[in-house]
1. Cβ-Cβ below 7 Å, separation at least six or inter-chain, first residue in the stretch 9-24 and over 20 Å from Arg89 (Cα atoms), second of a type in the set (Gly, Ala, Ser) and not in a strand (DSSP E or B): which pairs?
2. Looking only at the stretch 66-108, which residues are within 15 Å of Phe45 (Cα to Cα) and modelled with pLDDT of 80 or more?
3. Looking only at the stretch 102-120, decide whether some residue is aromatic (Phe, Trp, Tyr) and either touching a residue at least 40 places away in the same chain (Cβ under 8 Å) or in a helix (DSSP H, G or I) (or both).
4. Report whether or not Val130 is within 24 Å of Pro8 (Cβ to Cβ) and under 18 Å from the mean Cα position of the chain (by Cα).
5. Of all residues in the stretch 88-97 being open to solvent by less than 10 Å² (accessible area, probe 1.4 Å) and in a strand (DSSP E or B), which is farthest from Ala53 (Cα to Cα)?
6. Is it the case that the stretch 100-108 has a residue that's touching a Cys at 6+ places or on another chain (Cβ under 9 Å) and open to solvent by less than 70 Å² (accessible area, probe 1.4 Å)?
7. Restricted to the stretch 114-124, and to residues that are closer than 22 Å to Val67 by Cα and in contact with a Phe, Trp or Tyr (Cβ under 9 Å, 6 or more places away or on another chain), which residue is most open to solvent (accessible area, probe 1.4 Å)?
Amino acid sequence: VDKAFDTPGWVWEPKLDGYRVLAFIDHGNVTLRSRRGGLELGTDFPKLCGELAQQSAATMIIDGEIVAFDADGKPSFNAMQNRTALNERAVFYCFDLLHFAGVDLRKSSYRDRRRYLAQCLLPSPLVQLVHATEDGIALSAAALSAGFEGVVGKRMDSRYEAGRRSTSWVKVKPTMSADFVVGGYTKGQGARSPLGALLVGYWDDEGL
C-alpha cells in the first residue's frame with residue numbers, strides 16, 4: 001500500500017531486509033528453510049541454530065527473518081549475501097508461530113499467534129521477538145529514518161496463509177523511480193528464472 005495507517009484491528013512491524021526463514025525445532029535439532037525453494041540454511045548460521053535449540057518447547061515452527069547489520073547498525077542485505085563472518089552475528093527476528101509443542105496454530109488469529117509467540121519464545125542474543133505496534137504511522141516514520149526498508153501491517157484476526165500472498169498482510173516502503181540504461185543481465189535460476197540480475201547505468205547532467 002502507499003502509506004501506513006492507524007486502523008483498529010491492525011498491527012505493524014518494521015520491514016526487515018534479510019532472509020525470510022522458517023525455523024523448525026524438533027527436540028534440539030534445528031532446520032532453517034528459506035520461504036522460497038526450501039533451501040536449508042542452517043549450516044550458514046551455526047550459532048543461531050545453537051541458540052534456537054535452547055528453546056523450552058520440544059517442537060516449534062517459527063516464521064521470521066534473519067538480518068545482518070552494517071557498520072552503522074542498519075539492516076544490510078549486502079552483508080547477508082556476502083556470507084562473511086558477520087553472519088555469525090546475524091539475528092533471527094521472530095514474527096509468527098505456526099506450531100508449538102504439537103499444536104497447529106495456523107488457523108488461529110494473528111492476535112493469538114502473536115500472544116503465544118511473545119509468551120513462549122525465549123529471547124537470546126541472536127533470537128529476538130520483532131517489535132509490533134498498532135501505531136503504524138509513527139512506526140513507519142521511525143523505521144524509515146532508522147534505515148529500515150519500511151513496515152508491514154497485519155490484520156489481527158487473520159489466519160496464517162502458507163505459500164500465498166494475502167491482503168491481510170500489507171507492505172509499505174518508499175519508492176523512487178528514474179530512467180536507466182540496461183548494460184547487461186544474467187539468467188536467473190529457480191524462482192528468479194528467466195531473469196536474474198541487471199547491470200544498469202544512468203546519464204549524468206553532462207550526458208555521460
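1. Trp10/Gly136; Val11/Ala132; Trp12/Ala4; Trp12/Ala132; Trp12/Gly136; Glu13/Ala132
2. Ile66, Val67, Ala68, Phe69, Ala90, Val91, Phe92, Tyr93 - these are the residues of the stretch 66-108 that are within 15 Å of Phe45 (Cα to Cα) and modelled with pLDDT of 80 or more.
3. Yes, the conditions are met somewhere in the stretch 102-120.
4. Yes; evaluated as a whole, the condition is true for this residue.
5. Ranking the candidates gives Asp96 first.
6. Scanning the stretch 100-108, I find at least one residue that is touching a Cys at 6+ places or on another chain (Cβ under 9 Å) and open to solvent by less than 70 Å² (accessible area, probe 1.4 Å), so the answer is yes.
7. Step by step, filter the stretch 114-124, then rank; the result is Arg114.
Conditions tested, residue by residue: (1) part of a strand (DSSP E or B); (2) over 26 Å from Ser145 (Cβ atoms).
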residue	(1), (2)
Val1	no, no
Thr7	no, no
Glu13	yes, no
Leu22	yes, yes
Ile25	yes, yes
Arg33	yes, yes
Cys49	no, yes
Gln55	no, yes
Met80	no, no
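The values are calculated or read from the model by the stated rules, or taken from the named source; none is laboratory data. Treat the numbers as computed from the prediction; the structure is a model and nothing was measured. We place every Cβ from the backbone using ideal geometry, glycine too, and count neighbours over all the protein chains shown. SASA here: full protein model, heavy atoms, side chains in, ligands and nucleic acids out. Shrake-Rupley method; radii C 1.70, N 1.55, O 1.52, S 1.80 Å.
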